Amino acid sequence: MSTDRSRRGERAGRLVRLRRDRTLLLMTVPAVALLLVFNYVPLFGIVTAFQYYDPLIGVRYSDWAGLEQFRRLLDDPVFWQALKNTLYLSFVQLILFFPVPIALALLLNTVVSERIRNLFQSVVYLPHFFSWVLTITVFQQMLGGAGMLNQFLRDHSIGTWDIMTDPDTFALLVTSQAVWKEAGWGIIVFLAALSAINSEMYEAAAADGAGRWRRMWHITLPGLRGVIVLMLVLRLGNALSVGFEQFLIQRAAVGHDAADVLDTFAFYYGIATNDYSYGAAAGLFKSVISLLLIWGANKLAHAFGEDGLYRR
Amino acid sequence: MTEEPSRRTFVGKAAAVAGSVALAPVLSACGGGGGKQTGSNTRAGLKAALPAYVPSTSLRPDIPSVSGAPDAATDPAFLRYPAERPVTVSGVPGRGGSYTAVTPLWGTVPPPGNSFYRAMNKALGVDLTIKPADGNNYATIVPTMTAAKRLPDWIQLPTWWNANFNLGRLAGTQLADLTPYLSGDKVRRYPNLAAIPTGAWQAGAWGDKLYGLPGGSTRFSIAGTVFHRRDILESRGITADDVTSADDMMNLGKELTDARRGVWAFDQVWTYLFSFWDVPPTWRIVDGELVHKFELPQFLEALDWHHRLAKAGYMHPDALANTPSDTRFYSGKVLIVGGGTGAWNLADHQSGTAADKNYRRGAFNIFAADGKSRPSTFMGASTSIVSYLNARLKPAQIEELLAVADYLAAPYGSREYTMVNYGVEGVHHTMVDGVPTATEDGKKFVQPTTYGFLVQPSSVISNQGADVVTRDFAAFQAANVKALYKPVFWNMNIGMPQDISTALAAQSVDDAVNDCTRGKKKVSEVRAAIDGWRSGSGERLKRWMTENVLDKYGTGQ
């Protein structure tokens, strides 16, 4: 009897909430529709990875391949090379790229003058709005074999180093391009987290005689921890997406052995040669691994008592 | 980083692809057996389907065409724009029908419904809505239209994308069969279409039926050539015609490179130079058997030379990084570049002389790499620009559009040609010293490729206001027309199943070759990639080509 009542009460409560929040809910409808149409409906395209898909006769009539495309994939040395490159680049970016926006945000947080702060912020945001073509052109002009650096070296009879076409240092090159282009933009979320830290805590700590480093260690960083962990979880989930355009453009310069990542592999060995199902299989492989990674990272975050992607 | 090819670049650019075979996956018949179709043409069937050839005699070129090897001839050249512009179409071709046409465009899309489109519609007597689509994405735009079976009434499908578009299968299902309207003497109803040479019609013929309307035609179709800065070479006392072997070419690289001054001799040339080692576009017949170019020792020799060129430091570092070459060439930072012959035009001359008033583009004559054999290079297809009508159109509508096509195919210098290429006199162009010169409206609205990409008369060389370009290009063609040869499967349309076209694309070898020509991979590594490809897909490809094409249809020569 009592459970019955409580259930009725729950239902009534839900109705009340629905009525109360209907405007907000209505406002989310377009976003949900967008998500459905562009993110969920296309998921049905996954079926092509299990077919010999032929666009002219469509998904319904294409021959069934079962797991044949995946078998081909696992037998393909080029695929393994692309996977290896992806993981390596992802690792390098994690080590060298991930901490940069945090450090920049902390640095920015210590700047008192608002004018300098705004100027700094604008300068580091700007490259985010450049296209990859432009970014890489700038790097080519500076570091390329005929660029400023090498022309200077040549003028002074010092040995030249064409950084833009060196496959051995390609991972460092693309990471520095990513830092230059995106690190500034990446600080936004950390700045937001910093502004959420109660300033009274700093004042109290300062009154108790805590120095700048102590305050950072005991107040700022713990305040940022949740966001850092969240970003790390997202980054790990995206470990197999290191970028597409950046590699597409520079693939010829350093050679495909160094520059092929899973996304460019799916493009060149799938779409570009009309082998759609093969490309779809490579894409699906990537998605499944990414899902596992994000799930694992989220578990780990929870184990450390953080929120991760959602609160438990 | 994309190239923006001009209308005529296509002929050269596409030749590399179209020279051998036009590929389109065909539906492999269910249940096996002998039911597989390739969409190819039989000799007799093709002969019955092709239109008669009735050359136009309305204008006399300043530099007439010269014949060379079989089926090869230079394009006629005009130094002056004809003062008297003959009328080749009497009355208005259309009867007021309403149609939509889609063409690829590399450039700025003119605003819809502009004064040029309106004037054209009036002249054509139809309501033709032209919808230019971004050329760089064209290969992905069209498959979505064909998958949804929603092609426009009239569409241009460049032949180098035949495989992407599945052309062999679109023909007859989504594209209209024009054989009943144009084959044999029926084409005489449309005199300007009848003046398009037979070879170009062949590019649009599938399964012994005629589907395509040619957008231009040339009998001097090569994959491209190796250009040089003639003004700079000559100022240093170098005559390009003296370069007659690969060794000469390498020595020139040494002589011209001066890295300290920021000058390197070479940009990328592989695509345009490898044929000088007697390498075919794809196939060759040796002792009655098909041999792929990857299997030929001279392919590896050519590769070795290019690898050494990159390693020797004679190539511009930005070329090794694969960035576009135009500015380097104009500014004299590189002196030798490869490219389609379409680059030899008025716009190039204007850009070049803007950067350096002495600018003059030249090209090396075709030579044999060893300096001893007979110089030769393979010919590409007679056209790579082909447009098609929608299969849903009624016969009367097809006839109306063919009449419109006849107007668009009017020969160089005619009244109709002037309208299609320069718009209305006084509005879109004015005559300055006998040369149609675009007005502001003309620059904005008149893109010669909008209508020209549907149908065009056969190519002429004409660069009004830059006689030097016309003369140089005509002289180059005349000097080299004897070196052209028809490769195996020349001008044949071959549709193939998906896995065979993937095998032909040989992406892994292609990647290795590109890396090798930029000094990133050794020739031995390319050989390993070739061995890997050959043992799997390469052998399958060769067997398929032998059984389905060579044994059934011959070599097309």
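The values are calculated or read from the model by the stated rules, or taken from the named source; none is laboratory data. Nothing here was measured: the structure is a model prediction, and the numbers come from that model. In this analysis, Cβ positions are derived from the backbone assuming ideal geometry, glycine residues included, and neighbour counts consider all displayed protein chains. Keep in mind that these areas ignore ligands, DNA and RNA; they rest on the heavy atoms of the full protein, side chains included. Shrake-Rupley method; radii C 1.70, N 1.55, O 1.52, S 1.80 Å.
How much of the accessible area of chain A, probe 1.4 Å, is carbon plus sulfur, in whole percent? Intermediate values should be presented prior to the final figure.
Numbers: 12340 of 18560 Å².
Answer for chain A is 66 percent, counting heavy atoms of protein chains only.
What's the FRET efficiency of A:A303 with A:W185 using the Cβ-Cβ distance as r and R₀ = 41 Å, to the nearest 0.05? List each step's numbers first, then the result.
On the way: r = 30 Å, r/R0 = 0.74.
The value I calculate is 0.85.
Could you pull out every residue, at least 5 positions away or on a different chain, whose amide H is within less than 5 Å of the one on B:L178? Hs are placed 1.01 Å off N in the peptide plane, and Pro or chain starts have none.
B:L210, B:Y211
So what is the relative contact order of chain B, in percent, for Cα pairs below 8 Å that sit 6 or more residues apart?
29
Are there trypsin sites (Lys or Arg not before Pro) in region B:49-143 that DSSP puts in a loop and that have at most 12 other Cβ atoms within 10 Å, and which ones?
When the trypsin sites (Lys or Arg not before Pro) of region B:49-143 are filtered for loop state and at most 12 Cβ neighbours within 10 Å, B:R95 remain.
Are there residues in region B:489-508 whose accessible area shrinks by at least 50 Å² when all protein chains are included rather than the chain by itself, and which are they (probe 1.4 Å, ligands and nucleic acids not counted)?
B:Q498, B:T502, B:Q507
HN-Hα J couplings of region B:155-162 from phi, Karplus 6.51/-1.76/1.60, θ = phi - 60°, integer Hz, Gly and Pro as x?
Residue by residue, region B:155-162 yields 9, 9, 10, x, 5, 6, 10, 3 Hz.
Within 10 Å of each Cβ in B:311-323, how many Cβ atoms from other chains are there, averaged over the peptide? Working shown, then result.
Working: counts 0, 0, 2, 0, 1, 3, 11, 11, 3, 9, 15, 8, 10.
Mean partner shielding for this stretch: 6.
Would chain B count as rounded, prolate or oblate if I go by the C-alpha gyration tensor, calling it rounded below 1.5 in a/c and otherwise prolate when a/b exceeds b/c, oblate otherwise?
Oblate shape, in that a/c is at least 1.5 and b/c is the bigger or equal ratio.
Between B:S235 and A:R117, with labels modelled 7 Å along Cα→Cβ, what's the label distance in nm to one decimal, could you check?
It is 5.7 nm.
A:I197: accessible area at probe 1.4 Å, nearest 10 Å²?
Answer for A:I197: close to 30 Å² accessible.
Can you tell me the length gained on complete extension of the stretch B:T100 to B:T144, counting 0.36 nm per residue apart and subtracting the Cα distance?
On the way: separation 44, 0.36 × 44 = 15.84 nm, distance 1.71 nm.
So the chain would gain 14.1 nm between B:T100 and B:T144.
For the protein assembly as shown, what does the accessible surface come to per residue with a 1.4 Å probe? Please give it in Å².
On a per-residue basis, the protein assembly as shown sits at 46 Å².
Buried accessible area between A and B (1.4 Å probe, both chains summed, ligands and nucleic acids excluded), in Å² to the nearest 100?
2700
Out of the total accessible area of region B:228-367 (probe 1.4 Å, heavy atoms of protein only), what percent is carbon and sulfur?
Exposed carbon and sulfur together represent 44 percent of the surface.
Counting only C-alpha contacts under 8 Å and six or more residues apart, can you give the relative contact order of chain A as a whole percent? It would help to have the intermediate numbers written out before the result.
Working: 286 pairs, mean separation 72.3, N = 312.
Contact order relative to length: 23 percent.
Across region A:49-62, in residue order, what do the Karplus-derived ³J(HN,Hα) couplings come to in whole Hz, using 6.51 cos²θ - 1.76 cosθ + 1.60 with θ = phi - 60° and x for Gly and Pro?
After applying 6.51 cos²θ - 1.76 cosθ + 1.60, I find 5, 9, 10, 9, 5, 10, x, 6, 9, x, 5, 5, 9, 5 Hz.
Any residues in region B:167-192 that have 30 Å² or more less accessible area with all protein chains than in their chain alone, probe 1.4 Å, and which are they?
Those residues are B:R169.
List the chymotrypsin sites (Phe, Trp or Tyr not before Pro) in region A:237-312 that DSSP assigns to loop (not H, G, I, E or B) and whose Cβ has at most 15 other Cβ atoms within 10 Å. Which are they?
Counting only loop positions with at most 15 other Cβ atoms within 10 Å, the chymotrypsin sites (Phe, Trp or Tyr not before Pro) in region A:237-312 are A:F244, A:F304, A:Y310.
Under a point spin-label approximation (7 Å from Cα along Cα-to-Cβ), what is the B:L79-B:D247 distance to one decimal in nm?
4.0
Show the residues, 5+ positions off or on another chain, whose built amide H is closer than 5 Å to the amide H of B:I461.
B:A77, B:F78
Subtracting the Cα-Cα distance from 0.36 nm times the residue separation, let me have the gained length for A:A12 to A:E68 in nm, one decimal.
14.8 nm
List every residue whose amide H lies under 5 Å from the amide H of B:N493, counting only residues 5 or more places away in sequence or on a different chain, with H placed 1.01 Å from N in the peptide plane.
Hits under the 5 Å cutoff: B:N41.
When the dipole is taken about the Cα centre of the protein assembly as shown, and only Lys, Arg (+1) and Asp, Glu (-1) are charged at their Cβ, what size is it in debye, to the nearest 20?
That gives a dipole near 2300 debye.
How high is the relative contact order of region A:246-305, given as a whole-number percent (alpha carbon pairs under 8 Å, six or more residues apart)?
21 percent.
Using the basic label-point model (7 angstrom from Cα toward the beta carbon), what is the A:H128 to B:A48 distance in nanometres?
6.8
Name the residues of region A:257-296 whose accessible area falls by at least 40 Å² when all protein chains are present instead of the chain alone, probe 1.4 Å?
Listed in order, they are A:Y269, A:T273, A:N274.
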